[in-house]
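Structure first, then comments.
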Amino acid sequence: MKTPEPVQVIKERRDMALNALVGGINFVQFLGIRFDRRGDELTAVLPYDQKLIGNPMLPALHGGATAGFLEVAAVVQLAWQELWGQIEGGPFDPERFAAEGRPRLPKTIDFSVDYLRAGLPRDAYARARVNRSGRRYASVHVEAWQDNVNRPFAQATGHFLMPQPKQDDDPSGG
């Protein structure tokens, strides 16, 4: 029987994979989005920044920043879900992953945002739930909140084209 890995080794591998996944996304860096990981669950965090304010009279978060935040949360959740199987027991090689960089991300087909109330000038959080994920297509629902998870200020539904495996990643050799 194989000896289980130490918990710290598992956490480091998961954190390295998540950092590599989001580290190369310029829009994530621009908005300052970070991800809080608990096991396989991700919570996207959009720290408050004055540049995110769209209406200074209220003040309220810009709708485009909110939509971008929701879409990033959805795309990263989809990519993380695909990567999770490799991290936890599949063909995941940390050295190869670090050398090759970020995996290919799902492409947005359509994305519909519902603005439920004004986003206040404070940190925002979002979680995405994958409704369906197949080999070619995925559907995701995302909710964003600020002070109370039960009072979202925006939600979205998106459909995504899933990246196809590279030829050398295809286990069938085709």
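What follows is calculated from the coordinates using simple rules that are stated; it is not laboratory data. What you are looking at is a predicted structure, and each value in this text was computed from that prediction instead of being measured. Cβ placement follows ideal geometry from the backbone for every residue including glycine, while neighbour counts extend to all protein chains displayed.
Here the Karplus curve 6.51 cos²θ - 1.76 cosθ + 1.60, taken at θ = phi - 60°, turns the phi angles of region 34-46 into couplings of 10, 10, 9, 10, 10, x, 8, 8, 10, 10, 7, 10, 10 Hz, with x standing for Gly and Pro. Annotation: extensible slack from Ile10 through His62 equals 14.9 nm (criterion: 0.36 nm per residue apart, minus Cα-Cα distance). Take the Cβ-Cβ distance between Lys2 and Trp84 as r, set R0 to 22 Å, and report the resulting FRET efficiency rounded to the nearest 0.05. Once rounded, the FRET efficiency stands at 0.65. Summary of the geometry: region 120-159 and region 53-91, compared by the centres of their Cα atoms, lie 8 Å apart. As an exercise, identify the trypsin sites (Lys or Arg not before Pro) in region 1-77 lying in DSSP coil whose Cβ has no more than 11 other Cβ atoms within 10 Å. Answer by residue number: Lys2.
For region 1-57, relative contact order (Cα pairs under 8 Å, six or more residues apart, normalised by length) works out to 18 percent.
When restricted to Cα atoms, the chain yields an Rg and a Dmax of 17.4, 64 Å, respectively. Over all projection directions, the Cα-based convex hull of region 1-90 averages an area of 6.6 nm².
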